[in-house]
Amino acid sequence: MATFGRARELFSDFRVEQSDPDRFYGAMAADSVRQMSCLMDLENAHVLDVGGGPGYWADAFARAGARYTPLDADAGELALHGRVPLPGTVIGDGQHLPFRDGAFDLVYSSNVAEHVPDPWAMGDEMVRVARPGAVIFYSYTLWYGPWGGHETAPWHFVSGDYAARRYERSHGKPPKNQYGTSLFPVTMRQGIRWARAQPDAEVIDIIPRYLPSSIFWLRAVPVVRELVTWNVALILRKR
């Protein structure tokens with residue numbers, strides 16, 4: 001599945017995030033569900049999506065036969081691009097999930113960790129609400145990658161504060177993702193350390209999410225992996 005053709009298509013879709021969000025988010029959601037289907041049977045699986053946003057992922061998981069519960073901290077995010085929030089959507093904080101222990105067969109989060117002050121508290125919460133044997137899929141954008149500053153990239157390589165100021169000067173408005181408030185630097189090194197230290201879950205794999213498998217070896221090269229792998233997926237199974 002992790003081929004050069006897939007990587008090329010994903011990066012092509014990424015270029016139209018602003019101009020054609022239905023294409024971009026639809027493609028990302030479909031790719032996510034294909035990834036999850038390689039890890040587990042989604043038929044009737046109860047999925048928690050931490051940071052679900054607009055309902056593109058809801059549609060994709062529903063097509064795979066899963067029962068889907070989205071959680072988001074921002075009601076506005078749920079209605080982006082004219083989408084209607086899914087019934088049963090939960091408004092809450094990923095760092096303090098409002099669910100009982102062991103409630104879900106798959107706990108999924110994509111590109112949310114870089115937007116919360118304590119992503120590892122959120123990761124711990126994701127493990128907590130997973131049932132024994134469940135999969136935890138925790139993916140996020142690396143700060144030192146080319147898109148770490150999101151819309152302020154590549155100037156985040158100078159500093160997050162400088163990148164935000166430069167964006168506001170250039171566009172006449174502050175960026176959506178405010179460094180230190182809604183955008184934080186997270187690294188692969190931190191994620192690997194968190195995943196390997198989990199007392200209640202074992203690591204299935206740690207992969208550069210969007211790259212072809214032929215260059216997964218980059219994940220073992222400190223510093224280089226932070227710059228070129230773009231996005232990491234931490235994949236765990238609850239003990």
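Can you say whether residue 169 is over 26 Å from residue 102 (Cβ atoms), surrounded by fewer than 13 Cβ atoms within 10 Å (Cβ to Cβ) and out of contact with any Ser or Thr (no Cβ under 6 Å at 6 or more places or on another chain), as far as the supplied structure shows? Criteria met by residue 169. Taken over region 41-55, the criterion of being at pLDDT below 95 and touching a Lys or Arg at 6+ places or on another chain (Cβ under 6 Å) is satisfied by 54, 55.
So that you can scan it fast, the table gives a plain yes or no per residue for (1) touching a Phe, Trp or Tyr at 6+ places or on another chain (Cβ under 6 Å); (2) at pLDDT 95 or above; (3) surrounded by 16 or more Cβ atoms within 10 Å (Cβ to Cβ); (4) not hydrophobic (A, V, I, L, M, F, W, C):
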residue: 9; (1), (2), (3), (4): no, no, no, yes
residue: 24; (1), (2), (3), (4): no, no, yes, no
residue: 57; (1), (2), (3), (4): no, no, yes, no
residue: 75; (1), (2), (3), (4): no, no, no, no
residue: 113; (1), (2), (3), (4): yes, yes, yes, no
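Reported count of residues in region 226-239, each being surrounded by 14 or more Cβ atoms within 10 Å (Cβ to Cβ) and either more than 20 Å from residue 112 (Cβ to Cβ) or free of Cβ contacts under 8 Å to residues at least 12 places away in the same chain (or both), is 3.
Restricted to region 24-57, and to residues there that are under 17 Å from the mean Cα position of the chain (by Cα) and part of a loop (DSSP other than H, G, I, E, B), the residue that is farthest from residue 113 (Cα to Cα) is 55.
Taking the criterion of being among the β-branched types (Val, Ile, Thr), part of a helix (DSSP H, G or I) and surrounded by 14 or more Cβ atoms within 10 Å (Cβ to Cβ), the residues of region 182-225 that qualify are 192, 215.
Given the condition within 28 Å of residue 134 (Cα to Cα) and β-branched (Val, Ile, Thr), answer yes or no: does some residue in region 179-189 qualify? Yes. For region 26-52, a residue qualifies if it is surrounded by fewer than 23 Cβ atoms within 10 Å (Cβ to Cβ) and among the small types (Gly, Ala, Ser), and the qualifying residues are 26, 27, 29, 30, 32, 37, 45, 51.
Conditions (1) at pLDDT below 95; (2) within 20 Å of residue 6 (Cβ to Cβ), marked per residue:
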{"site": "125", "(1), (2)": "no, no"}
{"site": "142", "(1), (2)": "no, yes"}
{"site": "171", "(1), (2)": "no, no"}
{"site": "188", "(1), (2)": "no, no"}
{"site": "215", "(1), (2)": "yes, yes"}
{"site": "221", "(1), (2)": "no, no"}
{"site": "224", "(1), (2)": "no, no"}
{"site": "234", "(1), (2)": "no, yes"}
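Selection of region 127-140 for residues being in a strand (DSSP E or B) and either at pLDDT below 95 or surrounded by fewer than 20 Cβ atoms within 10 Å (Cβ to Cβ) (or both) yields 131, 132, 133. Screening region 144-181 for residues that are assigned to a helix (DSSP H, G or I) and of a type in the set (S, T, N, Q) and picking the one that is farthest from residue 209 (Cα to Cα) gives 170.
The values are calculated or read from the model by the stated rules, or taken from the named source; none is laboratory data. In this text, all values refer to a predicted model and were calculated from it rather than measured experimentally. Every residue, glycine as well, gets a Cβ built from its backbone with ideal geometry; the counts of neighbours run over all protein chains shown.
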